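What follows is a single structure, written as structure tokens, with notes after it.
The values are calculated or read from the model by the stated rules, or taken from the named source; none is laboratory data. Remember, it's a predicted structure, so these values are computed and weren't measured experimentally. Neighbour counts run over all protein chains shown; Cβ positions are idealised from the backbone, glycine included. What goes into the accessible areas is simple: the full protein's heavy atoms, side chains included, and nothing from ligands, DNA or RNA. Shrake-Rupley method; radii C 1.70, N 1.55, O 1.52, S 1.80 Å.
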Amino acid sequence: MAAVRVEAVLAAAEEQEAEKRRSITVEKELELEYDLGNLLAVDRNPPPAAALRGAGPRREALLRALARDNTQLLVSRLWELPAERAGGAGGPLVAQLPEPTFRLPREKPAPKPRPPTRWEQFARLKGIRRKKKTSLVWDEQAKEWRRRWGYRRAGGDPSRAWLAEVPAGADPEEDQFARLRREKRERVARNELNRLRNLARAHRAGSAVPAAPLHPTGHQDRDELRRVARVARVSTASLGRFQPRLPKEPAEPPSRSGGKKRRFQPLLGNLAAERSRQLELLRDMGSKKPVLDITRAVNKQLRQEEAEAAAANKGKKQSKRGKRGRRQQRPGRSGKKSGARRQPQQQKPAGGGRRKKA
Amino acid sequence: MRPLTEAETRAVFEKLGKYIGENIQLLVDRPDGTYCFRLHRDRVYYLSEKLLKLAASVPRESLVAPGTCFGKFTKSQKFRLSVTALDFLAPYAKYKVWVKPGSEQSFLYGNHVLKSGLGRITESTAQYQGVVVYSMADVPLGFGVAAKSTQECRKVDPLAIVVFHQADVGEYVRNEDTLT
């Protein structure tokens with residue numbers, strides 16, 4: 001009698017133990033894929049399709065059970081990781097997660113490429129490629145490899161040279177060191193200005209309508225001024241309808257975005273004029289003559305001139321008047337050619353001065 | 001409803017010109033009154049000045065169709081002639097095709113015209129020229145595009161297509177609800 005009771009108690013205890021284990025042991029046909037670094041587990045087992053079909057409390061319960069089981073698996077994996085007590089023996093248990101393996105998609109959209117700078121646009125137009133240069137060059141004097149630019153550069157820093165040559169034709173009293181310093185300062189300032197201009201251009205390209213006023217760049221170009229003026233013009237209570245017009249402004253009130261408003265002919269306008277327009281169009285179409293596209297023609301002419309100028313420039317690349325020569329090739333200026341040559345002081349005082357220096 | 005823009009007018013005239021050539025002038029400049037083209041819900045209508053003035057007072061939502069519909073502009077701004085323009089194409093057509101009584105029905109069901117059904121064809125029809133299709137009794141049935149030139153038509157086998165179908169009067173029954 002007593003033996004039976006002991007067995008029953010043991011069986012009951014075993015059952016209780018099994019019950020306790022059942023909640024932490026989960027059977028799966030396919031092993032889950034774990035990425036413990038991200039605390040991620042992927043269950044590839046197909047869900048019981050029939051039970052999941054349709055809404056209802058049963059489906060909800062099933063999904064909950066599935067989620068619980070999978071979480072259980074993940075958590076039991078976490079317990080297998082190496083762990084230690086943080087902050088001594090009484091501290092909380094901290095597991096060391098491995099490196100994450102699953103690549104999560106990025107939250108934000110990929111950044112847009114920076115718009116090309118003015119120089120990049122020009123280089124692309126002319127087909128100029130960047131030449132790769134090594135950063136280290138051999139310095140003959142120091143007998144070692146040195147940087148091409150910057151601190152301890154090969155050949156020595158020209159601004160730190162102890163000797164400066166007076167160029168032929170230069171003023172002998174002029175301080176050549178001061179001149180070098182000044183020219184360097186000017187180059188740096190010009191570079192900075194160009195950088196700011198590129199930034200401003202990129203900023204402008206991003207937004208069609210400038211919400212903000214002018215940029216404090218010191219120099220505003222015509223387009224920017226025009227845009228700001230247009231916005232200011234229509235920013236009245238009447239949307240610019242009663243704004244007095246400037247002498248050369250078109251009668252049509254400008255739209256805020258600067259775009260052209262689509263306008264159609266009136267429905268019951270001048271029907272005779274409409275008919276004659278259509279007959280004109282028919283004559284045009286019948287004559288098969290190519291319609292002159294003025295913009296295209298002008299572009300073509302410009303390209304041709306540019307190509308000629310480039311070809312001419314290539315021939316006398318070494319000569320000093322490369323830029324001026326190209327300028328004089330424009331048709332509008334050809335008449336002034338002889339006059340400009342005879343009186344260089346009057347025509348281009350600044351250019352003449354620069355030439356002397358160089 | 002509004003007049004056509006320059007580009008739209010060009011598109012319409014180019015398409016019309018494939019069928020009636022320079023005879024478009026006769027549509028634009030008519031001795032019996034002023035007629036014009038108007039656009040309404042992407043469709044091009046040809047109507048007289050008198051009708052235009054009457055239609056102008058009808059709200060856009062209520063106006064179903066002013067005048068004769070010539071065709072419609074697709075969403076990509078191409079112009080498609082519809083069979084309702086046939087009344088104006090047929091009298092001025094430069095290139096014509098007559099189909100035999102046996103294959104009239106086939107054409108009116110929307111099929112291409114085969115060599116076997118070809119009764120007559122205008123001389124010097126080029127390939128891919130727009131043509132108006134008539135029955136042998138000179139009733140205009142529709143229009144299409146010549147798949148073969150007149151010379152080629154003589155040689156091809158009887159089952160070859162000679163006119164690609166574009167529109168036929170059977171559409172008045174088949175597409176009754178979309179034709180306006």
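For this structure, a couple of remarks:
- Residue within segment A:51-65 that is in contact (Cβ under 8 Å) with a residue 12 or more places away in the chain and in contact with a strand residue (DSSP E or B) (Cβ under 7 Å, 6 or more places away or on another chain) present: no
- Candidates B:Thr150, B:Thr178, filtered to the one that is modelled with pLDDT under 90 and either in the same structural domain as B:Cys69 (by TED's automatic domain parsing) or open to solvent by 20 Å² or more (accessible area, probe 1.4 Å) (or both): B:Thr178
- Only one of the numbered conditions (1) modelled with pLDDT of 90 or more; (2) at negative phi is violated by B:Glu123, and that is (1).
- For segment B:15-40, the tally of residues that are of a type in the set (D, E, K, R) and without any contact (Cβ under 8 Å) to a residue 12 or more places away in the chain stands at 4.
- Qualifying position, being modelled with pLDDT of 85 or more and either more than 14 Å from every other protein chain (Cβ to nearest Cβ) or touching a Gly at 6+ places or on another chain (Cβ under 9 Å) (or both), among A:Arg241, A:Arg227, A:Arg303, A:Arg296: A:Arg303
- Residue match in segment A:110-129 (condition: exposed (fewer than 11 other Cβ atoms within 10 Å of the Cβ) and under 29 Å from A:Arg182 (Cα atoms)): no
- Taking every residue in segment B:139-167 that is under 14 Å from B:Lys115 (Cβ atoms) and pairing it with any residue that is open to solvent by less than 80 Å² (accessible area, probe 1.4 Å) and of a type in the set (Gly, Ala, Ser), at least 6 positions away or on another chain, the pairs with Cβ-Cβ distances below 6 Å are B:Ser149/B:Ala126; B:Pro158/B:Ser116; B:Ile161/B:Ala147; B:Val162/B:Ala147; B:Val163/B:Gly144; B:Val163/B:Ala146; B:Phe164/B:Gly144; B:Phe164/B:Ala147.
- Among the residues listed as B:Val97, B:Val113, B:Val145, the single one being among the hydrophobic types (A, V, I, L, M, F, W, C) and open to solvent by 10 Å² or more (accessible area, probe 1.4 Å): B:Val145
- Count of residues meeting criterion [more than 7 Å from every other protein chain (Cβ to nearest Cβ) and either open to solvent by less than 30 Å² (accessible area, probe 1.4 Å) or not basic (Lys, Arg) (or both)] in segment B:18-27: 6
- Qualifying residue in segment A:145-159 (condition: exposed (fewer than 10 other Cβ atoms within 10 Å of the Cβ) and not assigned by TED's automatic domain parsing to the domain that holds A:Asp43): yes
- Any hit, segment A:142-158, residues being free of Cβ contacts under 8 Å to residues at least 24 places away in the same chain, of a type in the set (Ser, Thr, Tyr), in contact with a strand residue (DSSP E or B) (Cβ under 8 Å, 6 or more places away or on another chain) and closer than 30 Å to A:Asn191 by Cβ: no
- Of all residues in segment B:28-53, those being buried (at least 19 other Cβ atoms within 10 Å of the Cβ), away from chain A (no Cβ under 11 Å) and of a type in the set (A, V, I, L, M, F, W, C) number 2.
- Of everything listed in (1) within 14 Å of chain A (Cβ to nearest Cβ); (2) in contact (Cβ under 8 Å) with a residue 60 or more places away in the chain; (3) within 20 Å of A:Leu271 (Cβ to Cβ), the single unmet condition for B:Tyr92 is (3).
So that you can scan it fast, the table gives a plain yes or no per residue for (1) of a type in the set (Gly, Ala, Ser); (2) within 24 Å of B:Val132 (Cα to Cα); (3) under 22 Å from the mean Cα position of the chain (by Cα):
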| residue | (1), (2), (3) |
| --- | --- |
| B:Pro59 | no, no, no |
| B:Lys72 | no, yes, yes |
| B:Ser76 | yes, no, yes |
| B:Asp87 | no, yes, yes |
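- Applying the criterion of being β-branched (Val, Ile, Thr) and in contact (Cβ under 8 Å) with a residue 40 or more places away in the chain to the residues of segment B:54-88, the residue that is nearest to the other protein chains (Cβ to nearest Cβ) is B:Val64.
- Count of segment A:143-161 residues which are small (Gly, Ala, Ser) and outside any loop (DSSP other than H, G, I, E, B): 1
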